[in-house]
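The values are calculated or read from the model by the stated rules, or taken from the named source; none is laboratory data. What you are looking at is a predicted structure, and each value in this text was computed from that prediction instead of being measured. Cβ coordinates were reconstructed from backbone atoms using ideal geometry, including for glycine residues, and neighbour counts include every protein chain displayed.
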Amino acid sequence: MSRIGKLPISVPAGVTVTLKDDVVTVKGPKGEMSQYVNPAINVTIEDGHVVLAENENAMLDNPKQKHAFHGLYRSLVHNMVVGVSEGYKKELELVGVGSVSYTHLTLPTKLEV
């Protein structure tokens, strides 16, 4: 069993998670995302949590592949929940003045992407 995969995913208020035909769909205030989940992984939605478990009856060529899928799909579903609820933000800090030859340039006071 994967250490990452066995952690339950808490679903915040305003986010709905549904499972239909091995496809997990997450809807929230920032959008909707879907992800196919390999049948080697069982997905259960209960009490505001999403729990992924390895399907013991699934036959795969490599037995370690089931462990890898367990952690992979848990991370993918968790990232979908975070993406539709909070969104992603990356802050960068500009440090230093750069090369002396570029000191004549002025930087904008506020950068946004």
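Taking first residues from the stretch 62-81 that are of a type in the set (S, T, N, Q) and partners that are at pLDDT 95 or above, the Cβ contacts under 9 Å between residues at least 6 apart in sequence or on separate chains come to Asn79/Met33.
Exactly one residue out of Pro39, Pro12 is within 15 Å of the chain's Cα centre (by Cα), modelled with pLDDT of 90 or more and outside any strand (DSSP E or B): that is Pro12. Give the stretch 15-36 a look and list any residue that's surrounded by 14 or more Cβ atoms within 10 Å (Cβ to Cβ) and either in contact (Cβ under 8 Å) with a residue 40 or more places away in the chain or not in a strand (DSSP E or B) (or both), or say none. Of everything in the stretch 15-36, those that are surrounded by 14 or more Cβ atoms within 10 Å (Cβ to Cβ) and either in contact (Cβ under 8 Å) with a residue 40 or more places away in the chain or not in a strand (DSSP E or B) (or both) turn out to be Val15, Val17, Val24, Val26, Lys27, Gly28, Lys30, Met33, Gln35. How many residues does the stretch 48-63 contain that are part of a loop (DSSP other than H, G, I, E, B) and either of a type in the set (Gly, Ala, Ser) or under 22 Å from Pro12 (Cβ atoms) (or both)? Total satisfying the criteria: 2. In the stretch 51-90, which residue that is in contact with a helix residue (DSSP H, G or I) (Cβ under 6 Å, 6 or more places away or on another chain) and either surrounded by 17 or more Cβ atoms within 10 Å (Cβ to Cβ) or of a type in the set (Asp, Glu) (or both) is modelled with the highest pLDDT? So the residue we want is Leu52. Among the criteria (1) under 15 Å from Gly5 (Cα atoms); (2) more than 19 Å from the chain's Cα centre (by Cα); (3) not aliphatic (A, V, I, L, M), the one Pro63 does not fulfil is (1).
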